[in-house]
Amino acid sequence: MDEPLKGKRILIPRSKKQAASLVKKVEAYGGIAIEIPLLAFKDVAIPLDVQRKCTEASYYEWFVFTSSNGVRAFFQQLPNFQQKTIKIAAIGEKTTKALREYGISVHFIPSEYVAETFVEEFLPVLKSNDKVLIVKGNLARDYLYTTLKTTQSQIEEIIVYKTYFPQESEELLSKKLVAHKLDVLIFTSASTVDHFMFVIDKYKLHHQLKDCTIVSIGPVTKDRLSYYQLEADVMPNNYTVDSMIESLGSYFTMK
């Protein structure tokens with residue numbers, strides 16, 4: 001196999017539990033994976049009234065899951081959940097995979113894994129007066145809720161986990177940047193960008209970025225980079241980890 005990333009020191013910003021597949025892909029392309037988690041997660045208790053409604057077979061018509069973390073946090077708190085007639089919508093391959101690992105059937109997946117495409121394609125499926133529960137993290141965008149709320153359906157949302165920046169990663173990241181030991185910066189969400197830039201601003205390390213290749217997993221993350229006046233050198237057409245690393249490999253092959 002060709003190794004287009006050979007010798008490249010690549011920032012892996014995901015939490016320890018979620019980094020394995022990304023590390024494996026980077027190493028398969030010859031890259032050196034530098035694991036510095038820019039995200040960590042803490043579960044948030046689901047309100048008792050929502051738990052009760054979730055266990056009533058006929059209360060909700062739809063659950064919408066926006067991330068694999070939301071899936072995990074939800075079903076850890078509702079281990080005896082039975083799907084029965086409830087239909088499930090999922091954004092993203094990893095979200096869908098996580099649901100299936102819990103034995104949950106998925107009825108709707110958008111063609112692109114962004115909220116705008118989800119809403120555009122989900123609205124024709126949604127029926128008047130359908131009760132919909134959106135399951136999300138604290139930093140997820142409000143677009144799904146605010147847009148679906150304008151319909152005649154009954155929309156609720158719950159936060160089942162919080163995202164935070166692990167304190168131990170701050171010093172590690174700053175040291176790697178000061179020593180010029182990162183060649184490629186991968187960003188897998190807007191939150192990873194925010195936490196990364198917190199360190200850049202705090203330690204005044206903006207000049208350390210000029211020789212780094214910047215990779216965004218998708219348009220929302222790319223927009224967040226633009227907010228900080230950073231330009232993504234690489235963004236895949238399909239917003240998945242596999243496509244992102246394949247696009248990065250192609251980028252260096254063509255350079």
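The values are calculated or read from the model by the stated rules, or taken from the named source; none is laboratory data. These numbers come from a predicted model, not from an experiment. Virtual Cβ from ideal backbone geometry, glycine too; neighbours counted across all protein chains shown.
List of remarks:
- The set of residues in the stretch 160-187 being among the β-branched types (V, I, T) and touching a Lys or Arg at 6+ places or on another chain (Cβ under 6 Å) consists of V184 alone.
Matching residues to (1) within 22 Å of T188 (Cα to Cα); (2) modelled with pLDDT under 95:
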{"position": "V50", "(1), (2)": "no, no"}
{"position": "T66", "(1), (2)": "yes, no"}
{"position": "V71", "(1), (2)": "yes, no"}
{"position": "Q76", "(1), (2)": "no, no"}
{"position": "P79", "(1), (2)": "no, yes"}
{"position": "K87", "(1), (2)": "no, no"}
{"position": "A90", "(1), (2)": "yes, no"}
{"position": "T96", "(1), (2)": "yes, no"}
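- Residue within the stretch 123-134 that is under 18 Å from the mean Cα position of the chain (by Cα), surrounded by 15 or more Cβ atoms within 10 Å (Cβ to Cβ) and touching a residue at least 12 places away in the same chain (Cβ under 8 Å) present: yes
- Reported count of residues in the stretch 1-15, each being surrounded by fewer than 18 Cβ atoms within 10 Å (Cβ to Cβ), under 18 Å from E168 (Cβ atoms) and not small (G, A, S), is 0.
- All positions within the stretch 16-38 that are in contact with a Phe, Trp or Tyr (Cβ under 7 Å, 6 or more places away or on another chain) and surrounded by fewer than 16 Cβ atoms within 10 Å (Cβ to Cβ): none
- Selection status of D223, of a type outside the set (S, T, Y) and either buried (at least 21 other Cβ atoms within 10 Å of the Cβ) or under 24 Å from E120 (Cα atoms) (or both): yes
- When we screen Q77, Q51 for residues that are without any contact (Cβ under 8 Å) to a residue 60 or more places away in the chain and at negative phi, the only hit is Q51.
- Within the stretch 137-255, strands (runs of 3 or more DSSP E) holding 3 or more residues that are under 23 Å from A73 (Cα atoms) and in contact (Cβ under 8 Å) with a residue 60 or more places away in the chain: 154-164
- Count - residues of the stretch 106-121 that are closer than 24 Å to A73 by Cα and either among the polar types (S, T, N, Q) or in contact with a strand residue (DSSP E or B) (Cβ under 6 Å, 6 or more places away or on another chain) (or both): 4
- I155 meets each of the listed conditions (1) closer than 16 Å to I12 by Cβ; (2) crowded, with 16+ Cβ neighbours inside 10 Å; (3) over 21 Å from the mean Cα position of the chain (by Cα) apart from (1).
- Residue that is nearest to K24 (Cα to Cα), among those in the stretch 232-255 that are touching a strand residue (DSSP E or B) at 6+ places or on another chain (Cβ under 7 Å) and not aliphatic (A, V, I, L, M): S247
- Residue check, D142 among the charged types (D, E, K, R), under 30 Å from W62 (Cβ atoms), surrounded by fewer than 14 Cβ atoms within 10 Å (Cβ to Cβ) and outside the structural domain of Q18 (by TED's automatic domain parsing): yes
- Exactly one residue out of Q229, Q167 is at pLDDT below 95, over 21 Å from P4 (Cα atoms) and surrounded by fewer than 21 Cβ atoms within 10 Å (Cβ to Cβ): that is Q167.
- Hey, F41 within 25 Å of V119 (Cα to Cα), surrounded by 18 or more Cβ atoms within 10 Å (Cβ to Cβ) and out of contact with any His (no Cβ under 7 Å at 6 or more places or on another chain) or not: no
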